[in-house]
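Below you'll find the structure, written out as C-alpha cells, and then a few comments.
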Amino acid sequence: MAVDFGSDEWASKFKDEVNRSAMYKAAARGWKWTVGLVVEAEPDKNFPDSVGVVMDLFDGEARDIKVGPPSEAQACQFVITAPYTRWKQVATKELDATKGMLQGKLKLKGDLPTIVRYTKASQELTECTTRVPVRWPDES
Amino acid sequence: MLGGLIEANVDSRAERRRDFDALAARVGIWVTDIDEGVTLDFQRGRLVVHNGLQPRRDITIRAEADTVMSLSNLRIGPFGLPVYYDEVGRGVAMKLLRRRLRIDGLLGNLATVNSVTRIFSVAG
C-alpha cells in the first residue's frame, strides 16, 4: 500500500527495505556515520515545508530512519540536499543519484572520499527508496 | 564534486599531496551519460577546474558516471601502481578493453595517468 512521501510510515518502510537488502548489507560494511537528507520545500508542488530525514546507518544496517525538521538532518555527518522535485526524480529512477551529485543537482556535504568509497552502498540506498510505493503530494 | 574530492584526498594523505605537488598536466574528464565534463589543470600544487573540455589536454578520460566513481575506488599497490587484479580493478580493466572507458593520450602519458589515479584514489 502506498504511503505519503516524507511521512513516518514512509520512513519506516524505507528502513525495512534497507534492512531487507543483502546488497546494502554487504556494500555498507564498515559504514558508521549518520546521513541526513534535506528535502527542500516547493510550495507550487504542494510540498510547502522543507523536511529532514535522519538516517542512523551502521555497518550495513539501518538502525533508525526518521523524518523531522531539516535542522536535524543538517546536523548529520553527511548531508544531501535537494529540492522536492529532485528527490522525486531520484526515487522514481528518473535521476541517478551518482549522476545527480556529479552534476551538482544533489548537494553533498561531508567527507567526499568516504562517500565515494561507499558508492555502491549509496546506490543501493537509492534503490531501496524506489521500492517503497509512494503517494506524492503533487499528484494527490 | 571532482575538485572537492581531490582537495579532500590531497589534504588527508601525504603521499597524495606529493603527487599533487609534482603533477603538471591538463586532464579532461568527460562523463558520457550526462554529457558533461571538466578539465582539471594541475599546476604543481595548484588545481584549476574548468567546466567542459578545454584545449591542450594531455589526457582525456571518457566514461559513464559509475565508471568515473570506480576509478576513484582503484586501490594503489606496490610502486604506486593501480591494482587491476581485485574486483574494482578488474571491472575498470574490462571497461577499458570494451571501450566503455577511454583514455585518450594514455600511451604517451602513462606516468601522468598513474599520478592522476593515485590523486583520485580514495581506496587504501
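The values are calculated or read from the model by the stated rules, or taken from the named source; none is laboratory data. Since the structure is predicted, the reported quantities are computational estimates derived from the model, not experimental observations. Cβ: placed from backbone, ideal geometry, glycine included. Neighbour counts: every protein chain shown. Calculation scope for accessible area: heavy atoms of the full protein, side chains included, ligands and nucleic acids excluded. Shrake-Rupley method; radii C 1.70, N 1.55, O 1.52, S 1.80 Å.
In degrees between 0 and 90, to the nearest 10, how far off the longest principal axis of chain A does helix A:119-130 point, with axes built from Cα atoms?
30 degrees
Between B:E87 and B:R99, what is the label-to-label distance in nm when each label sits 7 Å out along the Cα-to-Cβ direction?
3.0 nm
Dimensions of the protein assembly as shown along principal axes (Cα, Å, largest first)?
On the principal axes, the protein assembly as shown reaches 58, 36, 35 Å in Cα extent.
How much length would be gained if the chain were fully extended between A:A41 and A:S140, taking 0.36 nm per residue of separation minus their Cα-Cα distance, in nm to one decimal?
Contour length minus Cα-Cα distance gives 34.0 nm.
What net charge do the residues around B:R56 carry, taking every other residue with its C-beta under 15 Å from that of B:R56, with Lys and Arg at +1 and Asp and Glu at -1?
Its environment carries a net charge of -1.
When only the heavy atoms of the protein chains count and the probe is 1.4 Å, how do B:L107, B:L81, B:L74 rank by accessible area, highest first?
Result, largest first: B:L107, B:L81, B:L74.
At 1.4 Å probe size, with no ligands or nucleic acids counted, give the accessible surface of A:T130 in Å², nearest ten.
About 40 Å², ignoring ligands and nucleic acids.
Dipole size in debye (nearest 20) for chain A around its Cα centre, Lys and Arg Cβ +1, Asp and Glu Cβ -1?
About 580 debye.
Let me have the 222 nm mean residue ellipticity of chain B computed from DSSP H runs of 4+ only, each contributing -39500 (n - 2.57), with the sum over all residues rounded to the nearest 500.
About -12000 deg cm²/dmol.
Work from the charge dipole of chain A (Cβ charges, +1 for Lys and Arg, -1 for Asp and Glu, about the Cα centre) and give the residue of A:G36, A:V132, A:A22 farthest towards its positive end.
A:A22
Based on the Cα coordinates of chain B, what is the per residue volume of their convex hull in Å³?
For chain B, the hull spanned by Cα atoms encloses 98 Å³ per residue.
For B:M1, A:M55, write out the residues from largest to smallest accessible area, computed with a 1.4 angstrom probe and no ligands counted.
B:M1, A:M55
Please report how far the C-alpha centroid of the range A:1-32 lies from that of the range A:38-77, rounded to the nearest whole angstrom.
13 Å
As a quick test, which of the pairs A:K45/A:K88; A:K13/A:K107; A:K105/B:K95; A:K13/A:K88; A:K93/A:K120 have an alpha carbon distance above 18 angstrom in this structure?
From A:K45/A:K88; A:K13/A:K107; A:K105/B:K95; A:K13/A:K88; A:K93/A:K120, over 18 Å: A:K13/A:K107; A:K105/B:K95.
Take each complete run of DSSP H in chain B, measure how far its Cα atoms stretch along the helix's own axis, and keep only those covering 20 Å or more with mean Kyte-Doolittle hydropathy at least -0.5; list them.
none
What share of Cα pairs, in percent, lie more than 21 angstrom apart in chain A?
Everything past 21 Å amounts to 36 percent.
Within chain A, what's the longest stretch lacking trypsin sites (Lys or Arg not before Pro) that sit in DSSP loops with no more than 13 other Cβ atoms inside 10 Å?
A:33-92
Take the alpha-carbon centre of the range B:1-53, take the same for the range A:114-140, and report the distance between them in whole Å.
Comparing the Cα centres of the range B:1-53 and the range A:114-140, I get a distance of 29 Å.
Which FRET efficiency value, to the nearest 0.05, is calculated for B:Q54 and A:M1 with the Förster distance at 45 angstrom and r the Cβ-Cβ distance?
Once the sixth-power term is evaluated, E becomes 0.30.
With a 1.4 Å probe and all protein chains kept in place, how do A:D96, B:D35 rank by accessible area, largest first?
From most accessible down to least: B:D35, A:D96.
7 Å from Cα along Cα→Cβ at both A:S71 and B:A111: what's the point-to-point distance in nm?
5.6 nm
At a probe size of 1.4 Å, how large is the accessible area of B:Y84, to the nearest 10 Å²?
Here the residue's solvent-accessible area equals roughly 90 Å².
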